[in-house]
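Each remark here refers to the structure printed beneath this line.
The values are calculated or read from the model by the stated rules, or taken from the named source; none is laboratory data. Please read all numbers here as calculations on a predicted model, not as lab measurements. For the accessible areas, the whole protein counts, side chains as well, though only heavy atoms, and no ligand, DNA or RNA atoms are used. Shrake-Rupley method; radii C 1.70, N 1.55, O 1.52, S 1.80 Å.
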Amino acid sequence: MSNFCLLFVPLLISPVILLDLPNMTSIKLLATDFEVYGRVQGVFFRKYTQQEATKLGLKGWCMNTSSGTVKGVIEGDVNKVADMKRWLQTTGSPQSRIDKAEFTNERQINSFTYDSFKIKR
């Protein structure tokens with residue numbers, strides 16, 4: 001008798017799992033370009049940016065520019081991208097001084113473009 005129940009349990013559970021799958025696709029991914037102005041070169045800003053992005057589960061890249069800024073792209077969960085934007089505007093590396101951070105080309109994405117967060121040189 002117990003074998004009979006075991007055969008039907010997976011059949012009863014499977015439809016519930018299938019019904020939950022559409023909810024998983026409702027997670028929104030966002031991407032945005034950024035550029036940070038101030039004292040952001042020579043102060044490990046890119047290294048700290050990579051660490052913070054990785055901690056938040058974000059993907060993308062950052063690099064120094066010839067005009068003394070740091071620019072890049074961040075991709076990830078909408079709330080985590082918002083956390084990273086705040087970090088880029090207010091925190092940065094310990095020795096940095098952030099004058100302003102600009103975010104452009106913000107867009108919803110269906111999947112990640114990058115596999116991690118890298119420092120470009």
Largest first and in whole Å, what are the equivalent-ellipsoid semi-axes of the stretch 26-113 based on the Cα gyration tensor, each being the root of 5 times an eigenvalue? 22, 12, 11
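Determine the gain in length on full extension of the stretch ARG97-LYS120; use 0.36 nm per residue of separation and subtract their C-alpha separation, reporting nm with one decimal.
6.2 nm
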Give me the accessible area of TYR37, 1.4 Å probe, in Å² rounded to the nearest 10. 60
Rank LYS80, LYS118 by accessible area, highest first, at a 1.4 Å probe radius? LYS118, LYS80
